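Below: one structure, written as structure tokens.
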């Protein structure tokens, strides 16, 4: 049997780990695809779509409208032009992929040994955890070249797409973790957000000349990353930061409600007319965050912003759309996000 490629209709969505329920809920409520029904399951509900098929955390939807350019936030990557490869040998599978394009990342939920043998025959791509900082600078750069995704669904069949919704391998960035120095695991979130901000907007990372304001900074995971990059930080929260940050002369702490501070007052604290970065991981209603964000944008006193949109119960997709529609903005779901989204902004694209 020779290799046979079978084009498929629709799209396939690779959910973030342990977030298949959030993906299907988004497909149902935001895209009107399928439905969520009550069922005798651990979650108490089940996604119902007659034609959709699960392959691990990869959901293939043959009847999804492929003319819709939007993609679900809770899909770490979307297979935009899916197809099947029918093959006999590992060599045939790898050759078929290489003939389509160079870069391929695997997503596997089974047949791990066979998949690794296929990957070994493909051109090298970095699938390892990344070291975020080296010598005081960010060491992570995401290439702009296309990154295909493939999955073995049985020993002789691959589902794949050369065209996907992002350039990250299988849609996710993972970092080497520091279990000793950061005050909280939130540092992973801001590392990823900064990498994505740089990737989508081309804005340089914070550095020794950067003036940053962090709202809701306690215990200091985000501030710790900003300081590691050399930035000066005005950190505001009702509770203090970790001692190492409180004793840092380049961290200026204020015990206060960060959302009540005016942009001109924050700039005065850092002796500048305009901030390089404003960041927030505050737990608050998305509506309040949207008002606060617009106050800063209207002030003209900030170049770049990163804010976590914390979801409160049912997701207000109209409000999420408002965040995404702000000039120079993008809403993403990070690999290190939970039930939340992240809003990225730069004035350079306004």
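The values are calculated or read from the model by the stated rules, or taken from the named source; none is laboratory data. Predicted model, so just to flag it, every value in this text is computed and none were measured. Reconstructed Cβ throughout: ideal geometry from the backbone, glycine too, with neighbour counts over all protein chains shown.
At-a-glance table
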{"read-out": "Residue in the range 214-235 that is within 21 Å of residue 17 (Cα to Cα) and in contact (Cβ under 8 Å) with a residue 60 or more places away in the chain present", "value": "no"}
{"read-out": "Only one of 21, 34 that is on the phi > 0 side of the Ramachandran plot, at pLDDT below 95 and either touching a helix residue (DSSP H, G or I) at 6+ places or on another chain (Cβ under 7 Å) or surrounded by 14 or more Cβ atoms within 10 Å (Cβ to Cβ) (or both)", "value": "34"}
{"read-out": "Residue 216 vs. criteria in contact with a helix residue (DSSP H, G or I) (Cβ under 8 Å, 6 or more places away or on another chain) and on the phi > 0 side of the Ramachandran plot", "value": "yes"}
{"read-out": "Top-ranked residue of the range 246-269 - restricted to ones that are part of a helix (DSSP H, G or I), touching a residue at least 12 places away in the same chain (Cβ under 8 Å) and within 30 Å of the chain's Cα centre (by Cα), ranked as farthest from residue 211 (Cα to Cα)", "value": "259"}
{"read-out": "Test for residue 208: is it assigned by TED's automatic domain parsing to the domain that holds residue 271, over 19 Å from the mean Cα position of the chain (by Cα), in contact (Cβ under 8 Å) with a residue 12 or more places away in the chain and surrounded by fewer than 19 Cβ atoms within 10 Å (Cβ to Cβ)", "value": "yes"}
{"read-out": "Test: residue in the range 70-93 that is without any contact (Cβ under 8 Å) to a residue 40 or more places away in the chain, in the same structural domain as residue 157 (by TED's automatic domain parsing) and crowded, with 20+ Cβ neighbours inside 10 Å", "value": "no"}
{"read-out": "Failed item, numbered, when residue 339 is tested on (1) in contact (Cβ under 8 Å) with a residue 24 or more places away in the chain; (2) out of contact with any helix residue (DSSP H, G or I) (no Cβ under 6 Å at 6 or more places or on another chain); (3) surrounded by 16 or more Cβ atoms within 10 Å (Cβ to Cβ)", "value": "(3)"}
{"read-out": "Every pair of residues 6+ apart whose Cβ atoms lie under 7 Å, when the first sits in the range 125-145 and is within 17 Å of residue 197 (Cα to Cα) while the second is in a strand (DSSP E or B)", "value": "130/175; 132/138; 132/175; 139/133; 140/130"}
{"read-out": "Restricting the range 275-311 to residues that are surrounded by fewer than 20 Cβ atoms within 10 Å (Cβ to Cβ), free of Cβ contacts under 8 Å to residues at least 60 places away in the same chain and under 19 Å from the mean Cα position of the chain (by Cα), the residue that is farthest from residue 342 (Cα to Cα)", "value": "311"}
{"read-out": "Selection from the range 99-109 of residues that are in a helix (DSSP H, G or I) and surrounded by 14 or more Cβ atoms within 10 Å (Cβ to Cβ)", "value": "100"}
